[in-house]
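A short worksheet on the structure shown next.
A short reminder: the numbers here are calculations on the coordinates, not readings from a lab. None of these values were measured; they are calculated from a predicted model. Backbone-built Cβ (ideal geometry, glycine too); neighbour counts: all protein chains shown.
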Amino acid sequence: MYKVLFLILFINHAHGFRLNTNIGAGFGSRKVSISVTSNSTCTNAGISKEELLNIAMDGAKKYWNKVATADIEVTNGGIYQTSDSKFLTEKLCAEDDTTACDSSTSVPVVSNIVIACNNNTTDNFPNSQYLALTAPVKISGRNIKGSVILINDSASTSFASLSTAEKESVLAHEIGHALGLGHSNKDHALMYYLNSSKMERLSQDDIDGLTYLYPTAIENCSPLFGGIIDKKDPPSFNTNFPKAFMIGLSVCFFILFFYKLFTQSIKIPRPLDPN
């Protein structure tokens with residue numbers, strides 16, 4: 001019985017999700033707002049900034065905000081007031097504690113998640129197949145401070161030809177990157193690097209990735225009882241691991257203790273010897 005109990009507690013399954021940073025960074029806050037820059041005309045992308053924000057929020061609510069095991073909520077931050085043209089023309093550069101970006105040639109640093117329509121075909125969108133591009137633009141330690149999503153607004157963009165539902169899933173895919181998720185190697189996942197515009201729901205792998213970055217209180221046991229992380233790009237355990245390990249160990253101890261106590265307290269009478 002003990003062996004069966006341990007097998008149940010420690011059963012594993014393989015994950016395909018990857019993280020957007022090599023340190024497994026995510027937003028420190030459990031509420032992250034999403035905005036669209038006020039100077040984004042999105043002419044070639046064929047969408048207004050107000051419509052872009054609405055579709056992004058629809059995607060966040062349909063996909064990420066519905067993950068019950070993840071303590072994260074994407075909220076509507078409205079229009080991000082700015083006249084900085086670098087959002088529209090410059091390259092997207094991911095900056096962290098060890099990498100500095102040239103502020104004169106890079107998209108500006110922001111807080112939370114900001115979307116802009118960008119037409120830079122040299123650094124961001126070399127061809128029409130690139131619908132959007134996302135990166136954290138400021139990381140402090142293990143916390144993402146801000147991420148930028150760029151929509152391809154170049155003359156050759158194919159974003160305008162997408163249906164509303166396809167735009168919604170593309171934006172949801174990019175929001176996943178903004179929150180700290182990388183590409184999954186599961187072809188049925190929203191975070192798979194191809195066909196994100198055709199996904200209608202999150203896969204278990206998407207859910208596992210978001211839960212890993214933003215665990216709820218009950219999911220803090222996941223580092224002990226969780227699955228095997230893909231060795232090609234293993235996420236680092238977050239700072240909750242020591243606490244999670246002790247919680248998981250305590251749960252295991254108490255289950256075994258009460259099981260032993262219960263089995264010892266039940267005495268089944270032996271049948272009388274007929275002889």
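Worth pointing out:
- In this structure, the amide hydrogen of I149, modeled 1.01 Å from its nitrogen in the peptide plane, lies closer than 5 angstrom to those of V114, I115, A116, counting only residues at least 5 positions away or on a different chain.
- Summarising the overall dimensions of the stretch 32-155 from its C-alpha atoms, the Rg and Dmax are 14.3, 41 angstrom.
- Largest to smallest principal axis extent of the C-alpha atoms in the stretch 136-212, angstrom: 39, 28, 18
- Compactness of the stretch 19-79 was expressed as the Cα radius of gyration divided by 2.2 N^0.38 Å, which yields 1.31.
- Packing rank of 104-112, 185-193, 34-42, where each peptide gets the mean count of other beta carbons within 10 Å, highest leading: 34-42, 185-193, 104-112
- Principal axis dimensions, the stretch 65-217 - Cα atoms, whole angstrom, descending: 41, 38, 29
- Note that the stretch 103-108 has calculated 3J(HN,Hα) couplings of 5, 7, 10, 10, 4, x Hz, one per residue in order, obtained from phi through the Karplus relation 6.51 cos²θ - 1.76 cosθ + 1.60 (θ = phi - 60°); glycine and proline are x.
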